[in-house]
Each structure stands twice: as C-alpha cells, then as structure tokens.
Amino acid sequence: MEYLTLNNGLSVPAIGFGTYKAAVEEGETVLQNAIRTGYRYFDTASFYENEEILGKALRESGLPRQEFFVASKVWKTEMGYENTKAALDRSLKRLGMDYLDFYLVHWPKADLEDTQWAFRLSETWRAMEDAQKAGKIRGLGVSNCLPHHLEVILESGTIMPAIDQIEFHPGYLQLETVEKCQSLGIQVQAWSPMGRARVLQDALLCEMAEKYGVSTAQLCLKFARQMQVMPLPKATAPERMLQNLSLDGFTISAEDVEALKNMPRTGWSGEHPDRERVPANS
Ligand code: A2P
C-alpha cells in the first residue's frame, strides 16, 4: 500500500475506507472484511452512528491500535468550543480509544442561516487544537470546506488543517477547492469517489475503463490518485473492497485525465455547504 505524508508529518495509507452507511446496514462484518482485505485507514463520524462497531471491529482484529488510522468528525450540532470538546470525548468513548488519528469538522456551517458561522467554526477549531495539544488527536482536518471556509481557519487558527474531505469524483471535482488545498499543502480526501455508484454507468467512464481493462470503480479511484487525492471508497462485498485497493497495474493517460476533468456534471450528491440540499443529479 502506498503511503502519503501529510503536512503534519503523519504518513497515512493513500486509500482509506469510508464507513458511511456501509457499516450501519451490514454491521460489523463489513468492517471485519475491510480489515482483512487490508484497509488500515477508517473514516467515521459521530453522525454515522457506527463508531461503536468500528471500535469493536478494530479491537477484535487482534492488530495493535497503532496499525490503524481512525478519523472521526464533529457534527453540525456539536460545534463550538465546549461542545466540540464534549463531542470528541463522546466519540472516543464510543470508539473505546484514548486517541483519534484525525478529527475533522464535518461541515463548516451548523446552520445555513447562521450569520455567526465563522465564529462557531473558529471556536470549534480552537477546541480541536487544544485537544491535539492534550494528546487526544494526532491530526486535525475539515470536511466540505470551500476556500472561503478554509480562510476562517487559516486566519483564526494556529494549526493548519492536514485534510479537507470533500465530494470528489469524475463529474463533480470542486477543482477550485482542490487547487486551493494543494497550494496550501492540505491533503484532499474524496468522499463518494465513485459518486455513490451513480457515475459507474456513465458511458465515457465505461468506455475508458474497458480500454484500460479495469472496472469503472477502479478508474474513478485511480483518477483520484492521479489528481493527488486520497479516496475513501465504500464497499460491502469483499471482492469489491479488494478491487478498490488494486490500482497498480495501469495509468490513465494525460489526455484521458483531461477528458475526465472536463466531464459534464454527473452524479453530484446535491450537498453543498452554503446551500440547501438539491435533488441528486441536478
Ligand atoms: P456495495 O456497497 O454494494 O459494495 P462511494 O464510495 O462513491 O460512495 O460508492 C459506494 C457505492 O459504490 C456502493 O453502492 C458500493 O456498492 C459501490 N461500489 C463500491 N466498490 C465498487 C466496485 N468495485 N464495483 C462496483 N460498485 C462498487
């Protein structure tokens, strides 16, 4: 497995496992299979309501805690200085761990109407910085932050985010955010790197995948890697989990990377940090 070195000096696997929904529906088996398949970086959140089973699956794997990277997130309703500290303690308790590898702000705004969001975000970040200093977190990050949200943290904080986790897949790249993060040395992570399977039937992707002799899922994940993005694919079947880690045998040509970058909007979830959710695919 390839590793990436982040701006805080930590090295992490270049592909992580996304646990949203996958783990809730199928329970612990999915996580046990992901560990057996070789995943070592697990992305969860208090919102996913699966921290307890993730902690249990990691403990019962028999592997030492240090083998794993565990990232969780503070939910919208948990933001603010005191709330965030309490939310982190609850996450640690549910996971049964005494430290997290990464703690991320899940969304920059608790409420789209909130005119105080920048203050709330900076207070959330301040609590996270203090928790890192106290040894409860090894690295800090954000999720769904666009450049103007990142600016708030850059101005008020003292620790640079190591990660910004955003929706990223062919058909929805958020390139402005990717470029901003990359210029700052912030690692972009992709949630829904396959557009929650919505893009897997796309004609261009299917044709290109066939040309390289890979699955459309592998094409999406390799594209993320070639864009220096760390994907967090979700899968329930062990063979898909393995397939999603097996990206070494091919390289997407520069011309095809351009074609993927220029695809029309496809498979967008409809989620946006500054706007009400719109129906998927619009
Ligand atoms: P399943 O959970 O049945 O394995 P994303 O990570 O972009 O949110 O996408 C997750 C979706 O993609 C799930 O529906 C998952 O199906 C599906 N998926 C994951 N890996 C593959 C794969 N290698 N081939 C086809 N579909 C996949």
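Values quoted throughout were computed directly from the atomic coordinates according to the rules given, and no laboratory measurement underlies them. No experiment lies behind these values; they were computed from the predicted model shown. In this analysis, Cβ positions are derived from the backbone assuming ideal geometry, glycine residues included, and neighbour counts consider all displayed protein chains.
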Percent RCO, i.e. relative contact order, over segment 213-258, from Cα pairs under 8 Å lying at least 6 residues apart: 45 percent
Modelled FRET efficiency - R0 35 Å, Ala197 with Glu52, Cβ distances, 0.05 increments: 0.85
Just how far, in whole angstrom, is segment 1-66 from segment 70-90 if you go by their alpha carbon centroids? 19 Å
Pop a pseudo-label 7 angstrom from the Cα along the beta-carbon direction at both Glu151 and Glu239 and give the gap in nm to one decimal. 5.0 nm
Extension gain (nm, one decimal) between Gln182 and Lys133, 0.36 nm per residue minus Cα-Cα: 15.1 nm
Rough spin-label spacing in nm, given labels placed 7 Å along Cα→Cβ, for Met160 and Leu112: 3.3 nm
Normalise the Debye intensity by I(0) for segment 1-66, one equal point scatterer per Cα, no solvent, then take log10 at q = 0.19 Å⁻¹ and round to two decimals. -0.75
Measuring from centroid to centroid over Cα atoms, what is the spacing of segment 150-205 and segment 216-282 in Å? 11 Å
For the chain, Rg(Cα) over 2.2 N^0.38 Å is 0.96
Amide H neighbours of Ser143 under 5 Å, counting only residues 5+ apart in sequence or on other chains, H built in-plane at 1.01 Å? Val105, Gln165
Give me, ordered by chain and number, the residues 5 or more places off Trp268 or on other chains with an amide H under 5 Å from its own placed amide H. Asn281
Mind listing the long-range amide H neighbours of Phe69? Cut-off is under 5 Å, sequence gap 5 or more, other chains count too, H placed in the peptide plane at 1.01 Å from N. Tyr41, Phe42
Within segment 73-88, list the residues whose amide N lies under 13 Å from a label point set 7 Å along Cα→Cβ of Asp98. none
In nm, what is the difference between 0.36 nm times the number of residues separating Val278 and Glu207 and their Cα-Cα distance? 22.6 nm
Contour minus Cα-Cα span, Tyr3 to Asp89, at 0.36 nm per residue, comes to 28.1 nm
Given the peptides 258-265, 173-180, arrange them by the average over their residues of other C-beta atoms within 10 Å, most packed first. 173-180, 258-265
Shape verdict for segment 204-250, please, from the Cα gyration tensor: rounded (a/c under 1.5), prolate (a/b greater than b/c) or oblate. oblate
Charges at C-beta only: +1 for Lys and Arg, -1 for Asp and Glu. How large is the resulting dipole of segment 137-280 about its Cα centre, in Debye rounded to 20? 380 debye
How big is Rg to Rh over segment 34-190, alpha-carbon atoms, Rh as the Kirkwood inverse-mean-distance radius? 0.97
